[in-house]
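Q: Starting off with a structure, shown below.
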Amino acid sequence: MSPRRVDRAARREEILAAAVRVFASKGFAATRIEDVAAAAGVGKGSVYLYFDSRDALLDAAMEALAGASREVLARARSGAEPPLERLAELVRGVLAAATADPHLARVLLDLWSLGRRGDVDVPLDMAALYAEYREAIGALLAEAAGRGEVRDDVSPAHAAVVVGAVEGFLLQWVVDPGLPIAGMDAVVVAVCLDGLRARP
């Protein structure tokens, strides 16, 4: 890859990261391309070289988030480890992806609110994403049940509870950034899995 091509890719990522920061601080509805340009340290015209609108910036940010989610789900579905280990890795992966960029997590909350009011056409179908997570977790729990590793009463309904525990923790963190995040993945994994395991 030529240096010029690398520079273009790096500049695009810088502009996208700046957009996410501005969306998080001002809210998507109040953000203008000029705000993104100022945050990225470039002229307004430079933003338009990479993204043709504010919506295109949002689409790119949501696609990056969706891509990270697809990777986490693919590892959970295809890994060779026992199902409960893959479930623990899925929980850790979701937490890692969400907390890697706190600004993006705040943008997602803002978009959810705007989407509920009908103010914005959110480019990420959260209901479908949650359904995918529930399906993957349900499949892992069913596999674990076949191996006798979870309690007899564990059912697909428990998948929604696992998703709720993970998302509930993330929502608290987005609303209260002072909530300690380091090492909390182990706590969330323990809460999600320990109550499901079969007792010896």
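Q: Using the alpha-carbon atoms, what tilt in degrees (0 to 90, nearest 10) does helix 102-117 show relative to the longest principal axis of the chain?
A: Approximately 90 degrees, to the nearest ten.
Q: Need one number for segment 61-178: average projected area of the convex hull over its C-alpha atoms, nm².
A: Result: a mean projected hull area of 7.8 nm².
Q: Please report Rg (one decimal) and Dmax (integer) in Å for the Cα set of segment 1-52.
A: Values for segment 1-52 (Cα only, Rg and Dmax): 11.4, 37 Å.
Q: Here is a follow-up. Relative contact order of the chain, please, whole-number percent, based on alpha carbon pairs below 8 angstrom and at least 6 residues apart.
A: 20 percent
Q: Something else: Using Cα atoms only, what is the angle between the long axis of helix 184-194 and the major principal axis of the chain, expressed in degrees (0 to 90) to the nearest 10?
A: So the inclination is approximately 30 degrees.
Q: Tell me the angle of helix 83-99 to the major Cα principal axis of the chain, expressed in degrees between 0 and 90 and rounded to the nearest ten.
A: The answer is roughly 20 degrees.
Q: Assign unit charges at the C-beta atoms only (+1 for Lys and Arg, -1 for Asp and Glu), then state the dipole size of the chain relative to its Cα centre in Debye, rounded to the nearest 20.
A: 380 debye
Q: On average, how much area does the Cα convex hull of the chain cover when viewed from any direction, in nm²?
A: Here the figure is 13.4 nm², rounded to one decimal.
Q: May I pose another question? With only Lys, Arg, Asp and Glu charged, each at its Cβ (+1 for the first two, -1 for the last two), find how big the charge dipole of segment 1-77 is about the Cα centre; round to the nearest 20 debye.
A: In debye, rounded to 20, segment 1-77 gives about 200.
Q: Let me ask another. For the chain, build the charge dipole from Cβ charges (+1 Lys, Arg; -1 Asp, Glu) around the Cα centre, then report which of 40, 93, 83 sits farthest towards its positive end.
A: After comparing all options, I get 40.
Q: Separate question: Return the single residue from 109, 73, 49 with maximal mean-square fluctuation; model: Gaussian network over the chain, springs between Cα atoms under 10 Å.
A: 49
Q: Further, regarding this structure: For the chain, what does the helix formula give at 222 nm: sum of -39500 (n - 2.57) over DSSP H segments with n ≥ 4, over the residue count, nearest 500 deg cm²/dmol?
A: -24500 deg cm²/dmol
Q: Mean-square fluctuation check for the chain, GNM, Cα pairs under 10 Å: which of 187, 36, 22 is largest?
A: Sorting by GNM fluctuation, first place goes to 187.
We did not get these values from a lab; they are worked out from the coordinates using the rules stated. The shown structure was predicted, so the numbers you read here are calculated from the model rather than taken from an experiment. No Cβ is skipped: glycine too gets one built from the backbone with ideal geometry, and neighbour counts run over all protein chains shown.
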